[in-house]
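The values are calculated or read from the model by the stated rules, or taken from the named source; none is laboratory data. Quantities reported herein were computed from a predicted structural model and do not represent experimental measurements. Backbone-built Cβ (ideal geometry, glycine too); neighbour counts: all protein chains shown.
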Amino acid sequence: MSDGLEDDTRDRSPLEYPFEGLPATGSTTAVAEGVHWIRMPLPYALDHINLYAIDDGAGWAVVDTGTRTDAVADAWRQLFALATDGRSITRIFVTHMHPDHVGMAGWLARKFNARLWMTRDE
């Protein structure tokens, strides 16, 4: 009878990351055509959250928003100042109700007159 431990031939190579570095706070990294990765700071042991901006035709849809802190508001302001295409946020998608995902949703929705999208249960 085998316990499954004696002949473990699975690949144990280290993870490989497709990007040279991380997006700096207040900037983005394009990860696919029309999809940008954004990292926002968190004031917890987990020190960041990954957000995304997706080309939405007339503007950008964002997925999650970061915590409602001055640091995150400043990072969003820096993103707006550096945006070169002149388009604004058109929609905001929040994946779930944790403060790091929904915290800035109201502020962004008011600033850009953008609709907030999330599941009914959230």
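Within region 30-44, how many residues turn out to be under 16 Å from Asp64 (Cα atoms) and of a type outside the set (A, V, I, L, M)? The total comes to 4.
The residues of region 45-68 that are without any contact (Cβ under 8 Å) to a residue 24 or more places away in the chain and over 8 Å from the mean Cα position of the chain (by Cα), listed by number, are Ala45, Leu46, Asp47, His48, Ile54, Asp55.
Scanning region 91-110 for residues that are modelled with pLDDT of 95 or more and over 20 Å from Asp47 (Cβ atoms) yields Arg91, Ile92, Phe93, Val94, Ala105, Gly106, Trp107, Leu108, Ala109, Arg110. Output yes when any residue across region 10-23 is of a type outside the set (A, V, I, L, M, F, W, C), at pLDDT 90 or above and part of a loop (DSSP other than H, G, I, E, B), and no when none is. So far as region 10-23 goes, yes, one or more of its residues are of a type outside the set (A, V, I, L, M, F, W, C), at pLDDT 90 or above and part of a loop (DSSP other than H, G, I, E, B).
Candidates in region 99-122 are the residues that are over 11 Å from Val62 (Cβ atoms) and among the aliphatic types (A, V, I, L, M); of these, the one that is surrounded by the fewest Cβ atoms within 10 Å (Cβ to Cβ) is Met118. Checked against (1) on the phi > 0 side of the Ramachandran plot; (2) touching an Asp or Glu at 6+ places or on another chain (Cβ under 8 Å); (3) not charged (D, E, K, R), Asn113 passes all but condition (2). Among the residues of region 81-98, the ones that are loosely packed, with under 14 Cβ neighbours inside 10 Å and either touching a residue at least 60 places away in the same chain (Cβ under 8 Å) or not in a loop (DSSP other than H, G, I, E, B) (or both) come to 2 in all.
Of the residues making up region 51-71, those that are surrounded by fewer than 17 Cβ atoms within 10 Å (Cβ to Cβ) and either at pLDDT below 95 or outside any strand (DSSP E or B) (or both) are Asp56, Gly57, Ala58, Arg68, Asp70, Ala71. If only residues of region 70-122 that are farther than 18 Å from Gly26 by Cβ and polar (S, T, N, Q) are counted, the one that is farthest from the chain's Cα centre (by Cα) is Asn113. The numbered conditions (1) touching a residue at least 24 places away in the same chain (Cβ under 8 Å); (2) touching a helix residue (DSSP H, G or I) at 6+ places or on another chain (Cβ under 9 Å) are all true for Ala71 except (2).
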